[in-house]
Each structure stands twice: as C-alpha cells, then as structure tokens.
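The values are calculated or read from the model by the stated rules, or taken from the named source; none is laboratory data. This is a predicted model, so every value here is computed, not measured. Cβ: placed from backbone, ideal geometry, glycine included. Neighbour counts: every protein chain shown. Please note that ligands, DNA and RNA were not included when accessible areas were found on the heavy atoms of the full protein model with its side chains. Shrake-Rupley method; radii C 1.70, N 1.55, O 1.52, S 1.80 Å.
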Amino acid sequence: MAGGGIFQDGGSGSHLNIAAMKKLVVLSGAGMSAESGLRTFREMGGLWEEYDVYEVASPGGWQSDRSLVLRFYNERRKQLLEAEPNAGHLALVELEKNFEVWIVTQNIDDLHERAGSSNILHLHGELRKARSTADPSLVYDIEGWKLEEGDLCEKGSQLRPHVVWFGEAVPAIEEAARIVSTAEIFVIIGTSMNVYPAAGLINYVPDAAPIYIIDPKEISLPGHPRISVIQKNAGEGVRLLMEELRNA
Ligand code: APR
C-alpha cells in the first residue's frame, strides 16, 4: 500500500502505527443497517411508504400529535433492541487495523457503536436517547424502548426523541464537514444521497482522496466522476473494498 501505514495481518501483535495510517472516512445511511433487519426509508417497503414523514418526523407533527410521534420512535427503538450489527458494521471495525476510520452516520441506531467502531459522529441524532423540549442540551439515555407522555426532563418539560427532524438544523454538520475535509479515502455506504446537508458532505472530500460508493442500487452523483462503485450490499461491499485497498 503506497504512502501510508503498515498493513496489519491481524495476528502479529506489532503496535498499530496510527500516525502512518490513512484516514478513511465513511458516510453511512440506512442501507448500512438493512442487513440487521432495520428498514430503510425510501426503498420499496421503506418507512416513508408507510408513514407520513411530516406526521412522525417534524416539529409540526410533534405539535399536532405527540403520541403518534412517540409511538413511531418507540416501535423503531423496540426493533433496534432486537437487532445486531451486521457483517458490514463488523468489517468497518476490522478496517481500523489498517486505517484511521471515522464514521459520519445519518443513522440514529447504535449498531456502529455495538460493532465496536471507535470514531462515530451521528448527524441525525440517536434513537436510544431523549432530550428535553425546553432545553436541548439536556439529553438522557432511554432505558428499554419506551418513551412516553409524561416522561419529563429535570426542568419538568416533556422529553422528545433525540433525533433531528425534517425542518430542523443539523448541529453536527460542521464537525462532519471538518472530518470529511481531512479524508484520505472517502466511502459512502447505504445512503440514497437524497437528504441535505448530509449528502452535501461529498463536496468537502479533498480532490486527492478516492471516493467509493457501496450500494446495491445505482446511485447517481453527477459532478463526481472519480467515484468507484461497488454495487453490493454493505456486508459484501466493505469486504470487497478491503481487498481493493489491500491491493492498492
Ligand atoms: N447495503 C447497502 N446499501 C443498501 C442495502 C444494503 N444491504 N440495502 C439498501 N441499501 C441502500 C438503498 O439502495 C438506498 O440507496 O441504502 C439506501 C437507503 O436510502 P434511504 O432509504 O434514502 O436512507 P438514507 O439515505 O439513509 O436517508 C437519509 O433521510 O429519512 C431521513 O433522517 C433520515 O437519515 C435519514 C435520511
């Protein structure tokens, strides 16, 4: 591998030379967790086919029917507690043997954490956390899967899912852009690149950094000619990427 890092064969026990490792930044989306049994949003059978996004994932929806919103996220949280990281999540952890891996995820699940990834930034919040409606800096872990009417913060205001809804700002976007702007390799996994500002992060990738996209479907990204497409599911796709990087 030219220019960076000592390729670890996973057993030799020699120390990891982090400084010499290339920085590999991943932008992941719902497809990353599809093989764990969690539904994506815009595909056939996706969540947004069954639910009106503005009813369950917007400030307006919260105003008009809190219990519907709480029920929607409780259901998803219940499914998440029954799900496990998949081969794709685990392969990203394995990549840390040879790369300084940073994961910028649109996913609100905790499967990257549960797989053991070291550097994770959630752009759209975290499903297993709740936050105060009066003071967004008050964030709490949710025990189990239920968040209900009457669950209050220490200031006495109703708790809401710690999730970024449509129409709301994405507080972590600057940190994400900073991480992406230092990528030496950029990998897009399981996102339709439809939602901004997350999809715009590709514009922060340095020109010298190769870009890979892993998705079973064709994702068009006009204006980015030097993208290598791995048209596979995340599990198989990250493995193929590891091979490709090994032989690079
Ligand atoms: N492996 C990799 N990719 C997959 C897999 C898989 N096993 N299965 C499906 N995909 C791909 C689909 O082809 C699609 O391109 O994952 C992508 C999922 O796209 P979306 O459903 O649009 O999800 P995402 O891009 O993450 O949505 C972005 O929109 O709804 C909001 O806040 C929500 O974070 C979410 C954001």
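Restricting the GluC sites (Glu not before Pro) of the stretch 116-167 to loop positions (DSSP other than H, G, I, E, B) with no more than 15 neighbouring Cβ atoms within 10 Å leaves GLU143, GLU148, GLU149, GLU154.
Within the full protein context, the accessible area of LYS23 is estimated at about 30 Å² for a probe radius of 1.4 Å.
How big is the convex hull of the Cα atoms of the stretch 28-166, per residue, in Å³? Walk me through the numbers on the way to the answer.
Details: hull volume 14.7 nm³, N = 139.
Looking at the stretch 28-166, the number lands at 106 Å³ per residue.
Largest to smallest in accessible area, the residues THR40, THR182 fall in the order THR182, THR40 (1.4 Å probe, all protein chains included). Normalised by residue count, the stretch 84-165 yields a Cα convex hull volume of 97 Å³ per residue.
Note on the chain: the alpha carbon radius of gyration divided by the globular reference 2.2 N^0.38 Å gives 1.05.
Considering the convex hull of the alpha carbon atoms of the stretch 160-199, report its projected area averaged over all viewing directions, in nm², one decimal. Walk me through the numbers on the way to the answer.
Working: hull surface 14.6 nm².
Quarter of the Cα hull surface area: 3.6 nm².
Starting from the Cα gyration tensor of the stretch 46-124, multiply each eigenvalue by 5, take the square root, and state the resulting semi-axes largest first in whole Å.
Details: eigenvalues 191, 35, 19 Å².
Value: 31, 13, 10 Å, ordered largest first.
Ligands, DNA and RNA left out, the 1.4 Å accessible surface of the chain is 50% carbon and sulfur atoms. Here the chain carries DSSP beta bridges of which approximately 25% are antiparallel, counting only pairs with both residues inside. Solvent exposure of LEU68, expressed as accessible area, is near 40 Å², computed with a probe of 1.4 Å over the protein chains only. Rounded if a/c is under 1.5, else prolate if a/b beats b/c, else oblate: with a ≥ b ≥ c from the C-alpha gyration tensor eigenvalues square-rooted, which is the stretch 126-235? Prolate.
Just order 223-233, 25-35 by mean Cβ neighbour count inside 10 Å, highest at the front, would you? Intermediate values should be presented prior to the final figure.
Working: 223-233: 13.4, 25-35: 26.0.
Ranking, from highest mean packing down: 25-35, 223-233.
Maximal additional length on extending the LEU221-GLU149 stretch stands at 21.7 nm, based on 0.36 nm per residue less the C-alpha distance.
What whole number of Å gives the distance from the Cα centroid of the stretch 210-248 to the Cα centroid of the stretch 101-140? Taking the Cα centre of the stretch 210-248 as reference, the centre of the stretch 101-140 is 25 Å away.
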